[in-house]
1. Can you pull the one-decimal nm distance between simple spin-label points at His314 and Glu192, each 7 Å off the Cα toward Cβ?
2. Modelling each spin label as a point 7 Å along the Cα-to-Cβ direction, I'd like the Arg165/Glu251 distance in nm, to one decimal.
3. With each pseudo-label sitting 7 Å past Cα toward Cβ, what's the Asn2-Gln97 distance in nm, one decimal?
4. Could you please rank Asp239, Asp47, placing first whichever residue has the fewest other Cβ atoms within 10 Å of its Cβ?
5. Please state the equivalent ellipsoid semi-axes for segment 239-335: what are the square roots of 5 times the Cα gyration tensor eigenvalues, largest first, in whole Å?
6. What's the exposure ranking of Phe102, Phe223, going from fewest to most Cβ atoms within 10 Å?
7. Tell me which residues come under 5 Å, amide H to amide H, from Leu245 once H is placed; ignore anything under 5 positions away on its chain.
8. What is the local net charge at Cys67, summed over the other residues whose Cβ is closer than 12 Å to its Cβ (Lys, Arg +1; Asp, Glu -1)?
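What follows is calculated from the coordinates using simple rules that are stated; it is not laboratory data. Everything numeric here is computed off the predicted structure, so don't read it as measured data. Using ideal geometry, Cβ is built from the backbone for each residue, glycine included, and neighbour counts are taken over all protein chains shown.
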Amino acid sequence: MNLIESDYIETVEGLFFAVKGIAQPPDRIMAYLRYAPDSHGERRRMDRPYRRLYHFADQEAFLRASCPQYLAYDPVTGLELQSVPHAAIAHTYTSRQRLQEFRQQPHLDPVEEDALAFAARLQQISGIPWSSLGVSGSVLIGLHTPASDLDMTVHGEQDCWTLQRALSAVLDQDSGELRRLDEAGMHALHEERSGDTHMSFADFIYSERQKVIQGRFRERTYFIRFLKEPAEFGEQYGDRQYTSLGRAEIEAVISDHHNAIFTPCSYGVHAVRSVYGETIPEITELVSFRGRFCEQARTGDPVRAAGTVERVAHQSGRVWHRLILGGEFADTMYVRM
């Protein structure tokens, strides 16, 4: 199954999972629950009501109570993770294919029209091919509302960087229908994330101010995921073994932000010190599978981060340590002012 980050899975029970990551195990797909059938749900798909499960704790609570088969031990990480066995997959939805379908459909609703128009604008300012663009989130699976945001994807390392630079230039011009979030938009985003990413509004603004992955197109908030192709990712499932070593909060300086725009994102760090003076192993990178930590800092920035320390052992024999951001805890990473 060639499913990657931003694609969706519908299970035999009608649950919708968002695929996470690129390197997948042979018999399952790592994915997080996003929508579940619910008679009181506010979203509808083919006359079936659904509710959205945004927070990690809500997802896990639902699965433990109703569908524990979607929580399974992963031998690579040594953790129980959300995932979907191949046998439980009813349908798959891929972001690039869905956008191409929009281009062929004679009738689209207002949200779909805006998604297609946004993709056209991105293609026009960057010159990347249509085949490198996709649409994700609720619009991908037909569970959007009239007020839904636009979740877009860009595929391939070179095309991602081309678009990122082109979009940055356009946003710096504060041009018309395509612009950065204003203060009200930042407040709304901060409130949405505050449940599982604790950060003061001042720190939030300072870290988010230059991002191009989020903004407004027309009157809708957008979010873009920059994704490497699987062949560019450089890792197969099982190449590395991960061991969780507990929680840590650190201060460090970014030494390399080349992979900061991608999901998953990573940052090289040096001059690392523990905030509370605990003994921690030498951490050389910060990593997250959550889009909110993309473009969070640049080379030379001093940052503060809280997450889970992991020991990484590569099959070649190399061993190093990293800090994972964005799991089940209230992780943070921000540029220190």
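1. Result for the modelled spin labels: 3.6 nm.
2. 3.5
3. Distance between label points: 1.0 nm.
4. Details: Asp239 12, Asp47 5.
Starting with the residue having the fewest Cβ neighbours, the order is Asp47, Asp239.
5. 18, 16, 13
6. Ranked by crowding around the Cβ, least crowded first: Phe102, Phe223.
7. Distant-sequence amide H within range of Leu245: Val309, Glu310, Arg311.
8. Net charge around Cys67: -1.
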